[in-house]
Amino acid sequence: FKYMLSYLELERLSHSSQNFDIKKSLKESKQLGLIKTPTVVCEDGSVELDIHCRFFTDDIAYGILVVKWIAEELNVETPFIDELILWSQNLRGEEFLTEERKINKAFCLKEKFISGIPPSYGIHSVDGILD
C-alpha cells in the first residue's frame, strides 16, 4: 500500500508527535490515550465491559483472527493471541477456536461475516493473500 502511512507517520501527522520509536510512541501516544475501555452501565448502576463494542465485533473477528489464521498456515504458535481470542469468545458465546486452540472453520465459515479469515473470501493459502 504505497499511499498508506505507517502508524508512526500517522501519529506524527495527526497529533504532531515527535516519536520515531514505536515503544516510546505506545507509552506516550496521545491517540492511544484517547481510547478508553468500552463499558456499559447496568440497571443496578454497576459498570461492565461492553462486549458489543468494535473491539469484540471487529478487531477480534477481522483482525486478530486473521493473524491467527496466517500463523496456523505457517505453523507458528500464538499463545497470547490464543488467550485473547478464547477470552473474547467466552465472553460473547462464540467458538472461533477449538479446545485444541485451532481455528474452528466450521464456526468461522458457517455464515457470511462471522470472521474475516481468508477462506471466507475463497483464499486458502498464505500465497493467496500476497500480491
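The values are calculated or read from the model by the stated rules, or taken from the named source; none is laboratory data. Since we're looking at a predicted model, the values are computed, not measured. Glycine also receives a Cβ, built like all others from the backbone with ideal geometry; neighbour counts cover every protein chain displayed. Only protein heavy atoms, including side chains, enter the accessible area calculation; ligands, DNA and RNA are left aside. Shrake-Rupley method; radii C 1.70, N 1.55, O 1.52, S 1.80 Å.
For segment 57-112, the set of residues classified as among the polar types (S, T, N, Q) and out of contact with any Ser or Thr (no Cβ under 7 Å at 6 or more places or on another chain) consists of 57, 75, 78, 88, 89, 90, 98, listed by residue number. Take the conditions (1) assigned to a loop (DSSP other than H, G, I, E, B); (2) exposed (fewer than 15 other Cβ atoms within 10 Å of the Cβ); residue 90 misses just one of them, which is (1).
Of the residues contained in segment 4-11, one or more are found to be of a type outside the set (A, V, I, L, M, F, W, C), over 30 Å from residue 107 (Cα atoms) and free of Cβ contacts under 8 Å to residues at least 12 places away in the same chain. How do the pairs read when you match residues in segment 112-131 that are more than 20 Å from residue 55 (Cα to Cα) with residues anywhere that are assigned to a helix (DSSP H, G or I) and open to solvent by 30 Å² or more (accessible area, probe 1.4 Å), using Cβ under 7 Å and keeping only pairs 6 or more apart or on different chains? Hits for this filter: 119/105; 123/129; 125/73; 126/70; 126/73. Candidates 96, 56, 20: the one that is in contact (Cβ under 8 Å) with a residue 12 or more places away in the chain and over 14 Å from the mean Cα position of the chain (by Cα) is 20.
Here are some residues: 33, 116, 122. Which one is surrounded by fewer than 15 Cβ atoms within 10 Å (Cβ to Cβ) and at pLDDT 90 or above? Answer to the selection: 122. Applying the criterion of at least 2 residues that are farther than 17 Å from residue 96 by Cβ to the helices (runs of 4 or more DSSP H) found wholly in segment 1-83 leaves 7-15, 22-28, 30-34.
In this structure, residue 72 does not qualify as within 29 Å of residue 13 (Cβ to Cβ), out of contact with any helix residue (DSSP H, G or I) (no Cβ under 6 Å at 6 or more places or on another chain) and surrounded by 13 or more Cβ atoms within 10 Å (Cβ to Cβ).
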